[in-house]
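Nothing in this text is a laboratory measurement; each read-out follows from the coordinates by a stated rule. Source: prediction; values computed, not measured. Ideal geometry is used to build each Cβ from the backbone, glycine not excepted, and the neighbour counts take in all protein chains shown.
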Amino acid sequence: MPFTGDILNYRSVAVVGTAKNTGKTECLNYIIRQLQSRPVTLAITSVGIDGESCDQVTRTPKPEIDIYSKMVFVTSETHFRQRRFTAEILDVSGRSTSLGRLVTARALEPGKVLLSGPSDTGSLAHALMQLRRHGVDLTLVDGALSRKSLGSPTVTDAMILNTGAAFSANMPTLVRKTKFICDLIALPAVHSTTREALRLMETLCAVNSQGRITDLGTTSVMGLDKSLPGFLQHGTTLFVPGAVTDKLLQHLIMQKEVKQIRLIVRDFTRIFASQETVQSFLNRGGKMEVLYNTKLIALCINPTAPDGTLMNSDALRDALSEKTSLPVWDIKKLALQSCAT
């Protein structure tokens, strides 16, 4: 597999999609098949429900998730009981989902599984820690629809991003929107000293050139407008622990000192502003950094969509590779090549 070596450098990797039906499960199964013969104890889980044989929205067939013997998995009690293969229970968590408690088990034979794992990032982080205690070397996390937070570096060590025709039927638009997500993922991390000073802060903070931190006493730009004449009197660096919105960036763009402003966010998953607004802030001279950055291993594509849209795979791959400078792979093509050899 082209990026197997990179995956094995991490303890946890999230497989995340830019939209539904961009090929996450296909990508996940391909990775599992390639790692099956490797001397690694592999586990799999999901935030949300993954592994259905039929898409619940489009009513189109979906690839199920394959499990091989000795592979570990985490799912809800409901879906654990629905499995059709023998498995050894390793742990039953006190943390519950809408489908029951979380069950950690080891497959004793091959089979297919429906995953409904931790429902939030906190529970996911706890599950990953428990899996390590059971001797797991690498955990794959199948991301649910619009759950980019699974790729948060505070939860998983790295991620693989899937995109494709289901994200946009227009190739230039698809490439532009995907590149924007990749650019956010690639935002530079602050110095470790700054990270340690800010990581526990839960309100907006200003930081001056000497590193002095001033708590602005608010969690939003609305409060910033009302409580202070301007945060710049306390420093040109602004730390935002929560969501970065269009309104916040537009407020910063309006400052005459915008070229001096450095915006620090916790990680790329907190940025909800539009591409146009983010680009405007950066074009005006503003800078953006993160406390925790994310390692993006690869970009995978699915050139087909459930509505029948079909893009030229090679053209899409070349366009994304040129714009992002990332390795780009059509997983279905790789799977066919793997079977042929």
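With a ≥ b ≥ c taken as the square roots of the eigenvalues of the C-alpha gyration tensor of the stretch 192-290, please select rounded if a/c is under 1.5 and otherwise prolate if a/b is larger than b/c or oblate if it is not? Rounded. In the structure shown, do any of K177/K247; K256/K323; K20/K247 have a Cα-Cα gap over 22 Å, and if so which? In this structure, K256/K323; K20/K247 exceed 22 Å between Cα atoms.
To the nearest ten degrees, helix 171-185 and the longest principal axis of the Cα atoms of the chain are 70 degrees apart. Here's how it looks for A87: its modeled amide H is under 5 Å from those of L108, which are all 5 or more places away or on a different chain.
Cross-link partners of K112 among lysines, defined as those whose alpha carbon lies under 17 angstrom from its own and excluding same-chain residues fewer than eight positions apart: K24, K62, K70. Computed from phi, the 3J(HN,Hα) profile of the stretch 74-91 under the Karplus parametrisation 6.51, -1.76, 1.60 (θ = phi - 60°) reads 10, 8, 7, 4, 4, 7, 5, 5, 7, 5, 10, 9, 7, 9, 9, 6, 9, 6 Hz, with x in place of Gly and Pro. Taking the C-alpha atoms only, the angle from helix 313-324 to the longest principal axis of the chain is near 30 degrees. Amide H contacts of I44: V72, F73, V74, L140, each under 5 Å away and 5 or more positions distant or on a separate chain (H built 1.01 Å from N in the peptide plane; Pro and chain starts excluded).
Could you order peptides 319-332, 196-209, 130-143 by the average number of other Cβ atoms within 10 Å of their residues, highest first?
The densest-packed peptide leads the list: 130-143, 319-332, 196-209.
Counting only alpha carbon atoms, the long axis of helix 331-340 and the longest principal axis of the chain meet at about 30°. The DSSP beta bridges internal to the stretch 192-290 are antiparallel in roughly 40% of cases. How far is the Cα center of the stretch 294-341 from the Cα center of the stretch 165-205, in Å? Taking the Cα centre of the stretch 165-205 as reference, the centre of the stretch 294-341 is 21 Å away. Distance between the C-alpha centres of the stretch 67-116 and the stretch 226-281: 43 Å, rounded to the whole angstrom. Prolate is the label for the chain, because the ratio a/c of its alpha-carbon gyration tensor axes (a ≥ b ≥ c) is 1.5 or higher and a/b is greater than b/c. Taking amide H atoms as placed 1.01 Å from N in the peptide plane, the amide H of R95 lies under 5 Å from those of L102, each 5 or more residues away in sequence or on another chain. The phi-based Karplus calculation (6.51 cos²θ - 1.76 cosθ + 1.60; θ = phi - 60°) puts the 3J(HN,Hα) values of the stretch 30-37 at 5, 4, 4, 4, 6, 8, 4, 8 Hz, whole numbers, x for Gly and Pro.
Couplings 3J(HN,Hα) of the stretch 297-308, computed from phi: 6, 7, 10, 10, 10, 10, x, 10, 10, x, 7, x Hz, in residue order, whole Hz [Karplus 6.51 cos²θ - 1.76 cosθ + 1.60, θ = phi - 60°; x for Gly and Pro]. Relative contact order of the chain: 20 percent, from C-alpha pairs under 8 Å at least 6 residues apart in sequence.
So for each of 268-278, 236-246 I average, over its residues, the number of other beta carbons within 10 Å; can you give me the resulting order with the highest mean first? Walk me through the intermediate numbers first.
Numbers: 268-278: 17.8, 236-246: 19.9.
In decreasing order of mean packing, 268-278, 236-246 become 236-246, 268-278.
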